[in-house]
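**Student:** Got a structure for you, questions after.
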């Protein structure tokens, strides 16, 4: 154990630990602020026209020009019901010119909705007549089933998208963003979302419109040559950044306390009989304490996995896996004090295992630094 004078070898151990902890913190900071705006954002009508023209959606084999329906979105609430289900409410509006075909239906379809409340989603909230056009607005209250990547949890970003279709499949309709209805739609601007929106554990980073060209293997019964239909789907996207404090307090603080307790237990390991009596050290007590810490960590790990059923290993799980290894090593080292080690490893018990105790924190944070460097 370190003397009251804090010997130089312990100062070196502390310095190395602080440097490795700084590496971990820097990687976390990089991941937290590392969002890069999507370059394919539709920031102006010119961007929209350029995308549609470059991808052949304004011409092609079909001689009929497409019907362009300006569409806007305003999100008032957003909440994650499950890791894959997100609930949104708000308004959506469309502009229909008077010279459009009389049989063209009005409305919008949310193809990823998992609720059966089509009437509620398409309930007209308001109408406005203009000079040669009509604006129709709907209120929506929907739950969307989407796949999100949780690999970097709890230092992650999520993009929630509102995927929009027009209900009329008999006409060649393309939804275009009604960018003129927003004050600013440039890259990095946040628009189309309630300024005072309450997001549980999240903050808004960016919002934008974008197209996603999708090729379907069916003509939906109204188009010839199934499989040849390529459709530009309009998406309204909201980029969210997770607030780090809650997951840190819930998961990382308890794990850090467990590591501190492990270190305290390790410091009581000794081959000196008098010190062992003074510390109350026995192999049986150490193995029992390690078993208690293991089940405590395991319980937290199980609760975490229940949140991400079906996903692979998320970043924070590396902490749990590392602590399992530390618990096992401390238990084995304690056991070896009474049962001995192979000749090549006996140096580990020299000076009451000083080398192991000195290496505990640098090895722990070294492993965390390697994981962070490899992960982010």
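**Student:** Can you tell me which of 168, 151, 98 is out of contact with any strand residue (DSSP E or B) (no Cβ under 8 Å at 6 or more places or on another chain) and either free of Cβ contacts under 8 Å to residues at least 60 places away in the same chain or more than 21 Å from residue 236 (Cα to Cα) (or both)?
**Tutor:** Answer to the selection: 151.
**Student:** Starting from residues that are exposed (fewer than 13 other Cβ atoms within 10 Å of the Cβ) and within 30 Å of residue 210 (Cβ to Cβ), keep the ones in the stretch 8-33 and report whichever is modelled with the lowest pLDDT.
**Tutor:** Of everything passing the filter in the stretch 8-33, 33 is modelled with the lowest pLDDT.
Listed here are the residues, each with its yes/no results for (1) under 18 Å from residue 126 (Cβ atoms); (2) crowded, with 16+ Cβ neighbours inside 10 Å; (3) touching a strand residue (DSSP E or B) at 6+ places or on another chain (Cβ under 8 Å); (4) modelled with pLDDT of 85 or more.
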{"residue": "39", "(1), (2), (3), (4)": "no, no, no, no"}
{"residue": "47", "(1), (2), (3), (4)": "no, yes, no, yes"}
{"residue": "65", "(1), (2), (3), (4)": "no, no, no, no"}
{"residue": "71", "(1), (2), (3), (4)": "yes, yes, yes, yes"}
{"residue": "75", "(1), (2), (3), (4)": "yes, yes, yes, yes"}
{"residue": "81", "(1), (2), (3), (4)": "no, no, yes, yes"}
{"residue": "106", "(1), (2), (3), (4)": "yes, yes, yes, yes"}
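**Student:** Now for a separate question. Would you check if there is a residue in the stretch 188-210 being assigned to a helix (DSSP H, G or I), surrounded by fewer than 19 Cβ atoms within 10 Å (Cβ to Cβ) and out of contact with any helix residue (DSSP H, G or I) (no Cβ under 7 Å at 6 or more places or on another chain)?
**Tutor:** Scanning the stretch 188-210 turns up no residue that is assigned to a helix (DSSP H, G or I), surrounded by fewer than 19 Cβ atoms within 10 Å (Cβ to Cβ) and out of contact with any helix residue (DSSP H, G or I) (no Cβ under 7 Å at 6 or more places or on another chain).
The values are calculated or read from the model by the stated rules, or taken from the named source; none is laboratory data. Every value quoted in this text rests on a predicted model; they were computed, and no experiment measured them. Neighbour counts are summed over all protein chains in view; Cβ atoms, including those assigned to glycine, are modelled from backbone coordinates with ideal geometry.
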